[in-house]
Structures are given as structure tokens and as C-alpha cells.
Amino acid sequence: MQTWPAPAVPTLPGHGPEVQVRGLDGHLVPAAAGPVAGMYVCGITPYDATHLGHAATAVGFDLLHRAWLDQGLEVRYVSNVTDVDDPLLERAAELGVEWTDLATEQAALYAEDMTALAVLPPHTYLGAVEAIPLVIDAVARLLDRGVAYRVPLEPGAGGDHPELGDVYADAVAQGIHGLTGMSHEGTVALFGENGGDPERPGKRDPLDPALWRRERPGEPFWFAGDLGTGRPGWHIECTAIAEQALGDHFDVQGGGRDLCFPHHAMSTAHALALGGHGPRVQMHTGMVALSGEKMSKSRGNLVLVSALRERGVDPMAVRLAILAHHYASDWEWTDDVLDAATARLDRWRAAVSGNGGPDATELLGELREALADDLDTPRALAAMDSWASASLSIGGEVEGAPGVAARAVDALLGVRL
Ligand code: 5CA
Ligand code: ZN
């Protein structure tokens, strides 16, 4: 999958402190365990991209990427594009277009938006279609290990080899039960709401997720040897890509909070069932809402980054609007949020426009401290606001200080002034 050009990251003096983030249990932990930090972030299903929720999630993990670089670590950033899956096929059918054309066009738009938002590109960026050989290999291994099984097909499915059936993960054998802390009924309902098929006849357990979906009339399929013609299930896509690109130990699995269950729980369970360790830390961004409801493609309550760009909104203002909220909190996109960010961007630009200004050494330390503390961007923005106020009201004599401030904001926050 084509990524996008990497924005230049200015070099800053020294290094930032170790970055700590809050994992699922609410405790602060080091985001990386060693000198090479590995992160897998769930990317888009390419339709209705890029709405502000997608952008906020991408920017949230970009902050971690930048903080790790500043800490002096080598970063391996991996992401995916779910370029074949039910929702994409359904949307293409509704629009009367080829699903491949919709996916290609929307992935390209996402790449343009990421470029405009100064998001560092992933080092490995795979589409689900490109990852099919990895998925086939992973599913075959899960079958060999006895933690996956075949489910008989309805008449008409399965092409020349209907007897092979779909392949499902055994939720009991893979330890998926009990992961939500909810009642069994609640968990099953959540699974059904988030892409699962609890009612599918022939499964051992309602929570068993699909690993390999056999050929169906009118659906795309690929040849997969003993698995039979078909296409990948969703969770195993992310497991297989992460395993191939990051190995069986990696630091962070990320995405929006809507992916906690079943997607991240199941993809991690698959990783463990394959003999890996899965991610050390799971991090989730909060949900961006519009008009009181989660911004989502299925609800259609969307603000697209490309539409804002077409209106002449500076992408750096969009980025600042996102950064005004802590990555893990839920927040609502409003015109006021954008207006406040645009005003802040103007103020910051004016504040760094001179040759001299207030000393920015302390500011650099404050930005680093704030970001190392679970990527506390509201605190980082407040620190830059104070420096900008001082620069605009009192001025300052330190030659080059505005340049230091601008480079710090660029390198750490990804905001180009
Ligand atoms: N392709 C899958 C992940 S493998 C998927 O969930 N795609 S998506 O297009 O629906 O979302 C892409 C990313 O944006 C995911 O990490 C998702 O959690 C995040 N996301 C989706 N909606 C929102 C929202 N309203 N607020 C914040 N993040 C969101
Ligand atoms: Zn994913």
C-alpha cells in the first residue's frame, strides 16, 4: 500500500524523558520496553475517509511516534488498510461502484489528508488484500494448533469446494471469554454490534470470530490452498500484519476506543494462540463526536478533513484542534473548536515571527515533560500559549528563541508554524 511523504522532523537539542502511557488497566507504564519501539495502529476501512475521528486517532499515535523519536528510540510503525471487508463491499454496492475503485480512491484521499496533517507515515503499511498470504499462513497455523475449526456453509457458498467450510477461531480455546468484564449476554451483543456474527449457525460458540470467509456468490475471493477460496476475517488481518512486521513481541497496539472489543481483544487472542506475546500495551483514542453522537461512517454524521481543506481551513489548525483534547478523552467537533484552534495558530505564528524572544529552553522542557506524561497535549499547548503570550506582550532578547520554540512545536506536536 502506498504511504505518503514523510514530513521533516526538526532536530532538537538533547532528548526527551521516557514516554509513559496509560494502559488498559489505567496505570502509567513505559510506552516502549527497549531501544526499538514497535507500534501497530489500526488504520482505515477505505470509505468516507478521512473524518475527524480517523484524523484524531492518526494524530494521537503520531504524537507517540514523535515523542519516541525525541526520546532517541528507533521506531517501527505499522498500520493497515482494511481494503476488503463487508462494510466496504456494502458501501460500494450502494454507490454502484467497483469496491476496488472505492478503496483505491479513499486510500489515496486518506494519504493526502495525512500529508496535510503532517502525520509521519508508517514504515510498514499493508492492505488486507496484500496481507492475504500472511492471513492464510496464520489461519492454517491456528487450525494446526487446534484452536480454529471449520463451519459448514449454506447452499450455494464455497464455489467448487463447499465442503471446506468457513474457518472460525475457537473463542474458548483462545481465551476470549471474560475479556470484556461484561455479562456473557452483553459481550455477545457487543460482538454483534461491532462486526461479529453471534447468530451464525454451526459455530461452537456465539463469540467465535471468522478467520477465513469462503467464497460467496458476488463476493471477491482469493485462492488459499487447503482453506479453499475466500477472503480474510477482520481481526486476523491485524494479527497477521503485526506479527509479520513486528515479530512476536511489540510495544503498542493502538486504535480508537471503538475497537477495544471485539477487534483488539480478538486480534490479541489470535496473536497469543499463534505463540506470540502480543502487544505490551493497548492504547485507545477517545471518540470524536458530532452533534452529540460518535462520528461514524454508518451514522453519516461526518466532518471530512478534505472538505475542511477545500474550504481553505489550514490543516495545522485542524491538527491543533485535535491536540487541544487529550487523546484518550471523548470530545465533540464544533465550529468553536476549530475557531479557537485557528486563533491559537495565528497567535503562535505571530509569537515566533521575530528574531528575538523569551528564552525557549524551559518551554522545550515543559513540552517534553507534558508529552512524556501520557501524551498530555492540553498541558503542552498551555505551555506554548504562555511562551507565546510572553513573546507577544513583553517580547524578549534571546536571539533565536522563536526558532527554538517553532522547531520544538514542529518536532513534538507536528504543528508547522
Ligand atoms: N479498518 C478498521 C481497523 S482494522 C477500522 O476500524 N477502520 S475505520 O475506518 O472504521 O477506523 C479507522 C481508525 O479510526 C480506527 O483506529 C478507529 O478506531 C478510528 N475511529 C473511527 N471512528 C472514530 C471516531 N469517531 N473517533 C476517534 N477515532 C475513530
Ligand atoms: Zn485493526
Take every Cα pair under 8 Å in region 20-289 that's 6+ residues apart, average their separations, divide by the length, and report that relative contact order as a whole percent.
22 percent
Considering amide H positions built from the backbone, and no H for Pro or chain starts, which residues 5 or more places from Gly127, or on another chain, come under 5 Å of its amide H?
Val81
Going by Cα centres, region 11-25 and region 269-333 are how many Å apart?
21 Å
Work the Kirkwood hydrodynamic radius out for region 119-202: mean of 1/r over every pair of different alpha-carbon atoms, inverted, in Å.
15.6 Å
Return the inverse of the average 1/r over all pairs of distinct C-alpha atoms in region 292-417, which is the Kirkwood hydrodynamic radius, in Å to one decimal.
15.4 Å
Okay, helix-only estimate at 222 nm for the chain: each DSSP H run of n ≥ 4 adds -39500 (n - 2.57), divide by all residues, round to 500 deg cm²/dmol; what do you get?
-12000 deg cm²/dmol
Sorted by chain and then number, the residues having a modelled amide H within less than 5 Å of the amide H of Gly256, at least 5 places away or on another chain, are Thr285
Under-5 Å amide H pairs with Leu304, H placed in peptide plane, nonlocal only
none
Just order 224-232, 164-172 by mean Cβ neighbour count inside 10 Å, highest at the front, would you?
164-172, 224-232
Inverse mean reciprocal Cα-Cα distance (Kirkwood Rh) of region 44-167, Å
17.2 Å
Over region 1-116, what is the relative contact order in whole percent, taking alpha-carbon pairs under 8 Å and six or more residues apart?
34 percent
Region 1-61 - Rg (one decimal) and Dmax (whole number), Cα, Å
15.2, 42
For region 20-289, what percent of Cα pairs sit more than 27 Å apart?
37 percent
Kindly identify region 129-253 as rounded, prolate or oblate by the Cα gyration tensor criterion: order the square roots of the eigenvalues as a ≥ b ≥ c, call it rounded if a/c is under 1.5, otherwise compare a/b with b/c, prolate if a/b is larger, else oblate.
oblate
Please work out the Cα center distance from region 104-174 to region 189-237, rounded to the nearest Å.
9 Å
Along the positive direction of the dipole of the chain (beta-carbon charges: Lys, Arg +1; Asp, Glu -1; about the Cα centre), which of Ala58, Pro315, Val75 reaches farthest?
Val75
In nanometres, what is the gap between the two model label sites at Ala307 and Ser393, each 7 Å from Cα along Cα-to-Cβ?
3.9 nm
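A short reminder: the numbers here are calculations on the coordinates, not readings from a lab. Small disclaimer: the values here were computed from a predicted structure and weren't measured. So basically every Cβ, Gly included, is an ideal-geometry build from the backbone, and we count neighbours across all protein chains shown.
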